[in-house]
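The structure under discussion appears below in the form of structure tokens.
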Amino acid sequence: MDAAVSHDGAGSDLEREVARRRTFAIISHPDAGKTTLTEKLLLLGGAIHLAGQVKARGERRRTRSDWMSIEQQRGISVSTAVMRFDYDGHAFNLLDTPGHEDFSEDTYRTLTAVDAAIMVLDAANGIETQTRKLFEVCRLRDIPIVTFINKIDREGQDAFQLLDEIQETLALDATPMSWPVGMGGILQGMYDLAGRRFLPYARHGEHPEPVQAEPAEIAERLPADQAEQFLEEAELVQEACPAFDAEAFRAGTMTPVFFGSALKEFGVEELLWNLGRMAPPPRTQPAEPAPVEPTNQKVSGFVFKVQANMDPNHRDRVAYFRLCSGRFERGMKLKQPRTGKTTAVHNPIMFFAQDRDLAEEAWPGDILGIPNHGTLRVGDTLSERSDLRFTGIPNFAPEILRRVRLADPMRAKHLQRALTDLAEEGVTQVFRPVVDSSYIVGVVGQLQLDVLAQRIETEYKVQARFEPSPFDTCRWVTADDEDELQRFIDRNRSAIAEDRDGAPVYMARNFFDLNRIQEENPKIRFSATRER
Ligand code: GDP
């Protein structure tokens, strides 16, 4: 039972709306089937009516903006979108994350705005590198994960082997909720272990009714060799796999596992129905001075992403704002503690699969797009209170650092503008060494660098080159004792830079250098993330 549901049945609108919100993301390795699954979920939610529209939407969007040509050339999706849909009484917000590994920072930040995730695995490939990285981020925040093992209409690995892999590589208890009877050419259907139902698989798109029956009865309808195997497996599953434990799931230590085929729309409805039942409503968000409950009447939320220049003719931006508490109404005045300013939100955008609309109201868990001219940054809190600040939206230490060289020194101001804007958007991180006036940009992947160069050129008409910098990686430095920190900075000036908020950063030549400096300075904290 959801904690937010009131027990006398006469809950307020706020309690009711919170209880039915499910805000989630899909994490997967490229090609595991995230796009296909997204499309099928939207179809079930009635948010789109024809298959193929998710891709079509992508194409329309691409034509809007020049920089998206990178996306076109490489056939990858760069931008994050939000999709609202309803199903079975629940209001879902699906936050799309770019799949390519070089955009992990953007993806990581998006994961700070969800309450649950679906992890899609390709039945043939199991856990892949990108799945693993994304999972680690979910674990940092204890995000509950529902696993969908996709593509069972093709030959895949043995189901037990897949469960073992989840258990071993992710150290996560895996509980099968359904069980595939055969895979690929001999896929007969799926057994719903909790509901004791068999869902027959039809190769030609029809959807046969599920059959309520125990495994022994189902076995009678199967070819002899498969019948035997199914009975053995069903027994083993009961004995060997832990039962579903809602508490462990919500704590992020166990994952319910569903099997299916996104492409054949098999097992997808079961997944969505269960997601509504199992996934938690909006969480209590970590904040200072105290965590914020979603049912708190005062409106609050944070910006987890900024997208700029969606239309190259305007310097407009959209800040993606996750509402954390209270009922939001259009026109509301919200305070921004970082600047002390108050913003009246007149044109909040609600995102639907194909459209965006003005939002008259929104509830905790919902995502709003707030158009602005650069006043809102990633990590910003907006709220009716003036003392509140949400915590835990990290910057990640870049893995590639490059010095920026201008082709035309007269355009230095423009370069500065471009780097500031793009850093605010989270496309890059910008560092200024304290000993000279150059810029060093940091990204987490090579592709991000290409996007950066292209956007600086097309949007700001500045030609810049990225040269190797003497540094390989960097760490934010802090200490309990301010004097200690200052002495460290003074002693290592040639390796100190400031991030765009003026926070000191140690630039390391390599990991050897980093290890040495850490050992020599036990009172200094070196962090690979910086919380804003
Ligand atoms: P993404 O990169 O994770 O978004 O993956 P896509 O949804 O684009 O799928 C990658 C490829 O796998 C496409 O060719 C899909 O048609 C295919 N695919 C996705 N789901 C399934 C499935 O359930 N069965 C089969 N056979 N192919 C699938």
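Bear in mind these aren't lab numbers, they're just calculated from the coordinates by the rules spelled out. Treat the numbers as computed from the prediction; the structure is a model and nothing was measured. Ideal geometry is used to build each Cβ from the backbone, glycine not excepted, and the neighbour counts take in all protein chains shown.
Laid out as a table, the results:
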item: Long-range HN-HN contacts of VAL306 with modeled amide H, under 5 Å; result: TYR320
item: Shape parameters for the chain, alpha-carbon atoms, Rg then Dmax in Å; result: 24.8, 81
item: Within region 288-390: Cβ-based charge dipole about Cα centre, in debye rounded to nearest 20 (Lys, Arg +1; Asp, Glu -1); result: 420 debye
item: Charge dipole (debye, nearest 20) of the chain; +1 at Cβ of Lys and Arg, -1 at Cβ of Asp and Glu; result: 2800 debye
item: Relative packing of peptides 441-452, 460-471 - highest average C-beta neighbours within 10 Å first; result: 441-452, 460-471
item: Under Karplus coefficients 6.51, -1.76 and 1.60, residue-wise ³J(HN,Hα) of region 373-390 in Hz, glycine/proline x; result: 10, x, 7, 9, 10, 4, x, 5, 9, 10, 7, 6, 9, 9, 9, 8, 9, 6
item: Cα lying deepest toward the dipole's positive end in the chain, options ALA290, PRO210, LEU170, charges on Cβ; result: ALA290
item: Over 25 Å (Cα to Cα) - which of LYS305/LYS333; LYS133/LYS461; LYS305/LYS341; LYS305/LYS335; LYS34/LYS264 fall in this group; result: LYS133/LYS461
item: Point-charge dipole on Cβ atoms (K/R +1, D/E -1) for region 394-531, about Cα centre, debye to 20; result: 520 debye
item: CD proxy at 222 nm, helix term only [per DSSP H run n ≥ 4: -39500 (n - 2.57); per residue of the chain; nearest 500]; result: -9000 deg cm²/dmol
item: Dipole of region 433-499 [Lys/Arg +1, Asp/Glu -1 at C-beta], most positive-end residue of VAL451, SER437, VAL477; result: VAL451
item: 5 angstrom amide H check on ILE27, placed H, neighbours 5+ away; result: ILE118, MET119, VAL120
item: Contact order relative to length of region 394-531, as percent, for alpha carbon pairs under 8 angstrom and 6 or more apart; result: 32 percent
item: Distance histogram in 5 Å bins (all Cα pairs of region 288-390, percent per bin); result: 3, 14, 24, 27, 19, 9, 3, 1, 0
item: Relative packing of peptides 25-36, 113-124 - highest average C-beta neighbours within 10 Å first; result: 113-124, 25-36
item: Whole-Hz ³J(HN,Hα) from phi, Karplus 6.51 cos²θ - 1.76 cosθ + 1.60, for region 465-473, glycine and proline x; result: 10, 10, 9, x, 9, x, 10, 9, 7
item: Spread of Cα-to-Cα distances over 5 Å intervals beginning at zero, given as percent, for region 394-531; result: 2, 10, 21, 23, 18, 12, 8, 4, 2, 0
item: Long-range amide H partners of THR175 with built H, under 5 Å; result: THR255, VAL257
item: Positive-pole candidate from ILE145, PRO504, ALA243, dipole of the chain, charges at beta carbon; result: PRO504
item: Using alpha-carbon coordinates, inclination of helix 129-140 to the longest axis of the chain, degrees; result: 80 degrees
